[in-house]
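First up is the structure itself, then whatever we jot down about it.
The values are calculated or read from the model by the stated rules, or taken from the named source; none is laboratory data. Please read these numbers as outputs of a predicted model, since none were measured by experiment. All Cβ positions, glycine included, derive from the backbone under ideal geometry; neighbour counts span all protein chains shown. The area values use the complete protein model at the heavy-atom level, side chains included, leaving out ligands, DNA and RNA. Shrake-Rupley method; radii C 1.70, N 1.55, O 1.52, S 1.80 Å.
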Amino acid sequence: MLFRSIAYAGKTPWHGLGQSLTEGATIEDWTREAGLAYTVKESPVLFRTDAATEPEVFTGRKVLHRSDTGGALAVVSDGYHVVQPAEVMGFFEKLVQLGGFQLETAGALSHGKRVWALASVGAGADVVDGDTVKPYLLLGTSYDGTMATVAKFTTIRVVCNNTITAAVADQSAAVRVLHSERFDADRVRLELGIVADNWERFLVQSRKLATVPMGTADADAFVAELLKPYHSSTLAVTDTRAYKRIMSLFNGASIGHGLTGQTRWGMLNAVTELVDHERGRSDNTRLESAWFGTGAAMKTRALELLSA
């Protein structure tokens with residue numbers, strides 16, 4: 001079984017992973033070729049003791065496992081509600097039918113413990129001349145208890161394929177459904193009905209960042225502050241690889257640097273390039289982190305600090 005299984009339509013996506021989808025694919029084709037043609041099943045947790053001849057049931061817990069391979073995904077509480085891979089794909093199928101959305105990539109990570117799909121939301125726009133960003137909608141869920149089901153607005157910077165979560169100060173930019181609740185696709189779609197407004201706010205916010213120069217002293221202070229929550233070694237923050245690499249990207253090594261220069265928008269993209277394209281022990285962990293984990297949190301923190 002593949003560690004990850006991903007399919008995409010059109011150009012190779014920002015993460016560079018997966019296989020090109022069959023042209024004119026149906027939602028069934030998408031589900032199969034993205035490795036999502038399985039259901040998550042539940043079984044009781046059994047244990048043996050010297051006091052009993054038969055296995056006993058551990059109440060209050062259950063095992064989640066794949067229907068196709070039988071691979072175990074996690075032990076969770078009885079109240080854990082699963083959002084099936086087919087529900088993730090069905091969420092986007094309806095949006096595509098309604099118009100304005102185009103499914104572009106979908107897949108599974110970590111042996112199927114996380115699944116997601118990503119759809120474009122109309123045309124992009126320039127932050128500065130020649131520096132285009134495009135709006136997307138991402139839906140992801142997990143089967144190992146590590147994250148809620150999340151639907152969120154994100155953007156991709158075309159020149160370097162950086163992904164930037166938009167409008168982070170506005171809670172309407174994302175909808176989270178805990179696994180203690182049942183997933184209601186119609187309600188989530190309704191709550192995300194303000195995507196267009198988020199997109200406009202993001203453009204205004206980004207264009208403002210692109211007009212604010214950032215000198216060496218400001219850049220140094222920003223990166224040191226950004227990395228504080230993620231720094232635990234005895235090294236000074238300024239001696240870490242992350243600090244040195246962000247500063248290098250900001251000072252000219254990043255893709256598309258000629259479009260941004262040394263501005264706050266340029267710094268945001270330096271941080272994002274590190275997270276999306278360089279950070280992580282493997283392609284699998286890099287993608288998970290950039291969208292759902294520490295990397296996503298770092299990009300959000302960067303945008304908050306730069307916009308303050």
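A compact table of results
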| read-out | value |
| --- | --- |
| Heavy-atom SASA rank of ASP129, ASP186, ASP220 (probe 1.4 Å, accessible area, largest first) | ASP129, ASP186, ASP220 |
| Tilt relative to the chain, helix 85-98 - C-alpha long axis, 0 to 90 degrees, to 10 | 50 |
| Rg in Å to one decimal, and Dmax rounded to a whole Å, for segment 1-149 via C-alpha atoms | 19.0, 74 |
| Reach of LYS94 by Cα under 20 Å, taken over aspartates and glutamates that are not fewer than 8 positions away in the same chain | GLU23, GLU28, ASP29, GLU33, GLU104, ASP184, ASP186, GLU191 |
| Segment 22-54 and segment 85-105: distance between their alpha carbon centers, rounded to Å | 22 |
| Using θ = phi - 60° and Karplus 6.51 cos²θ - 1.76 cosθ + 1.60, couplings along segment 214-220 (whole Hz; Gly, Pro as x) | 9, x, 4, 5, 5, 5, 4 |
| Span per principal axis, largest first, for the Cα atoms of segment 54-132 (Å) | 70, 27, 24 |
| Positive-pole candidate from THR300, VAL45, THR234, dipole of the chain, charges at beta carbon | THR234 |
| With DNA, RNA and ligands ignored, accessible area of ASP144 (1.4 Å probe; Å², nearest 10) | 40 |
| Solvent-accessible area of GLU288 with every protein chain in place, 1.4 Å probe, in Å² to the nearest 10 | 30 |
| Cα-based shape type of the chain, given that a ≥ b ≥ c are square roots of the gyration tensor eigenvalues and the cut on a/c is 1.5 | prolate |
| Total charge dipole magnitude, the chain, about the Cα centre, Cβ charges on Lys, Arg, Asp, Glu only, Debye to nearest 20 | 480 |
| Solvent exposure ordering (accessible area, 1.4 Å, most first) of HIS231, HIS179 | HIS231, HIS179 |
| Cβ-based net charge around ALA74, under 12 Å, with every Lys or Arg adding one and every Asp or Glu removing one | +3 |
| Cα Rg, Dmax (largest Cα-Cα span) when computed across segment 199-258, Å | 13.8, 43 |
| Distant-in-sequence amide H partners of PHE58 (H built 1.01 Å from N, under 5 Å) | VAL45, LEU46, PHE47 |
| LYS208, LYS113, LYS152, reordered so the largest accessible area comes first (probe 1.4 Å) | LYS208, LYS113, LYS152 |
| Filter on LYS208/LYS244; LYS41/LYS228; LYS152/LYS208; LYS41/LYS299 - keep pairs with C-alpha separation over 29 Å | LYS41/LYS228; LYS41/LYS299 |
| For VAL159, distant residues with modelled amide H under 5 Å away | THR132 |
| With all protein chains modelled, accessible area of THR285 [1.4 Å, Å²] | 40 |
| D_trans [Stokes-Einstein, Kirkwood Rh over alpha-carbon pairs] for segment 220-308, 4 °C, 1.567 mPa s, µm² s⁻¹ | 98 |
| P(r) weight above 20 Å for segment 124-254, C-alpha pairs, percent | 60 |
